[in-house]
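Only one structure is covered here, and it is reproduced in the block below.
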Amino acid sequence: MITIALSKGRQLEDFISFLRQQKLSQWYTSLESISRELLIETEDTRFLLVKGEDVPVYVEEGVADLGITGSDVLYEQSREINNLMDLPFGYCHFALAAKSEKEAYPIVATKYVKYTQDYFDSIRQPVKIIPLKGSVELAATIDMADAIMDIVQTGTTLRENGLEEQVCLDNINARLIANKHAFFSKNAEIQAIINQLKERG
Ligand SMILES: Nc1ncnc2c1ncn2[C@@H]1O[C@H](COP(=O)(O)OP(=O)(O)OP(=O)(O)O)[C@@H](O)[C@H]1O
Ligand SMILES: O=P(O)(O)OC[C@H]1O[C@H](OP(=O)(O)OP(=O)(O)O)[C@H](O)[C@@H]1O
């Protein structure tokens, strides 16, 4: 039995579409039918449905053998886990966004404190970071911050909150991670899953 921790948010929809595309029906049929359950069991796989940023925690603790979460989440956390492969979904990118009239960004609100600090260090500019958990766009809309550092996919959230992308930064995608111990003790099962998840030409 392999246990896989998954992001229960937007990425889950992308994961299900990917499973459909790969014709992995034994997984997508169970995941498609969930409403509010957080533990899903199939014949040989158990899924834990958790917040994206908690996926690495379940994997590091060894409660999950594998996990799927965004590269944005992994960047923010230093975890003792194995990074196994990039997955072809969950595409978006980091961006610094602000109202069009803003010329400097001394105060930045974000869920991504490490990424933001590293970016401002890399351009040698001081920054005050206001850490938030969500609805980050609001901070710039109501001028609590000069800019936000967030992830952008369609750009709709920025547009609908009167913000514009000022600097387009790193691409983000989903990643498969493994518990270090399980990677050895359950290697054959994990390799079989990696093969199933590899895109078929
Ligand atoms: N708009 C988006 N477009 C593409 N990928 C996204 C988007 N928002 C989030 N993601 C990806 O999905 C991952 C999980 O984010 P999301 O906020 O959907 O999940 P969650 O925290 O598990 O769910 P929720 O907040 O709904 O409980 C993010 O780390 C990111 O990699
Ligand atoms: O470019 P778009 O397609 O509009 O997507 C970007 C939005 O998606 C994410 O938010 P999420 O839905 O996870 O909400 P939250 O961060 O406010 O929790 C991100 O933080 C942006 O707000």
Computed about the Cα centre, the charge dipole of the range 106-147 from +1 Lys/Arg and -1 Asp/Glu charges at the Cβ has a magnitude in debye, to the nearest 20, of 160 debye
Per residue, accessible area of the range 1-76 with a 1.4 Å probe, heavy atoms of protein chains only, in Å², comes to 49 Å²
Given unit charges at Cβ for Lys, Arg (+) and Asp, Glu (-), the dipole magnitude of the range 92-172 about its Cα centre in debye, nearest 20, is 240 debye
The ³J(HN,Hα) series, computed from each phi in the range 169-182 with the Karplus coefficients 6.51, -1.76 and 1.60 at θ = phi - 60°, rounded to the nearest Hz and given as x for glycine or proline, is 10, 4, 6, 10, 8, 6, 10, 9, 10, 9, 5, 4, 6, 4
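Within the range 92-172, what percent of beta bridges assigned by DSSP are antiparallel, to the nearest 5? Walk me through the numbers before you get to the answer.
Values: 11 of 18 bridges.
Roughly 60 percent of the DSSP beta bridges within the range 92-172 come out antiparallel.
Per-residue counts of other Cβ atoms within 10 Å, averaged by peptide: what ranking do you get for 106-118, 67-79, highest first? Let's see the in-between values first.
On the way: 106-118: 18.7, 67-79: 20.4.
Put in order of decreasing packing, that is 67-79, 106-118.
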For the range 19-48, listing GluC sites (Glu not before Pro) in a DSSP loop whose Cβ sees at most 15 other Cβ atoms within 10 Å gives 37, 43
Under the Karplus relation with 6.51, -1.76 and 1.60 and θ = phi - 60°, whole-Hz ³J(HN,Hα) for the range 56-71, x at Gly and Pro, equal x, 5, 4, 6, 5, 5, x, 6, 10, 7, 10, x, 10, 8, x, 5
Probe 1.4 Å, heavy atoms of protein chains only: per residue, the accessible area of the range 92-172 in Å² is 55 Å²
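With a 1.4 Å probe and every protein chain kept in, tell me what percent of the accessible surface of the chain is carbon plus sulfur.
The C+S portion of the solvent-accessible surface of the chain is 48 percent.
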Taking Cα pairs closer than 8 Å and at least 6 residues apart, the relative contact order of the range 92-172 in percent is 51 percent
Expected vector for the range 44-50, Karplus 3J(HN,Hα) from phi with 6.51, -1.76, 1.60 and θ = phi - 60°, integer Hz, x for Gly and Pro, equals 10, 9, 10, 10, 9, 9, 10
With DSSP loop assignment and no more than 14 other C-beta atoms within 10 Å, the trypsin sites (Lys or Arg not before Pro) in the range 3-70 are 23, 36, 51
At q = 0.09, 0.16, 0.18 1/Å the base-10 log of I(q)/I(0) from the Debye formula over the alpha-carbon atoms of the chain is -0.39, -1.01, -1.17
Charge dipole of the chain built from unit charges on the beta carbon (Lys, Arg +1; Asp, Glu -1), centred at mean Cα; most positive-end Cα among 195, 179, 116 is 195
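So if I place +1 on the C-beta of Lys and Arg and -1 on the C-beta of Asp and Glu, and nothing else carries charge, what would the dipole magnitude of the chain be about its Cα centre? I want it in debye, nearest 20.
220 debye
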Shape call for the range 92-172, from the Cα gyration tensor axes a ≥ b ≥ c (a/c under 1.5 means rounded, otherwise prolate when a/b beats b/c, else oblate), comes out rounded
Taking the dipole of the chain about the Cα centre (Lys, Arg +1; Asp, Glu -1; charges at Cβ), the one of 93, 21, 142 that reaches farthest to the positive side is 21
Of all DSSP beta bridges with both partners in the chain, the antiparallel percent, nearest 5, is 60 percent
Percent relative contact order for the range 1-71, counting Cα pairs under 8 Å at least six residues apart, stands at 49 percent
Partner lysines whose C-alpha sits under 23 Å from that of residue 23, ignoring same-chain residues fewer than 8 away, are 8, 198
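The values are calculated or read from the model by the stated rules, or taken from the named source; none is laboratory data. As the structure is a computational prediction, the values presented were derived from the model and not from experiment. Methodologically, a virtual Cβ is constructed for each residue, glycine included, from the backbone with ideal geometry; neighbour enumeration extends over all protein chains shown. Just so you know, the surface numbers come from the protein's heavy atoms only, side chains and all, with ligands and any DNA or RNA stripped out. Shrake-Rupley method; radii C 1.70, N 1.55, O 1.52, S 1.80 Å.
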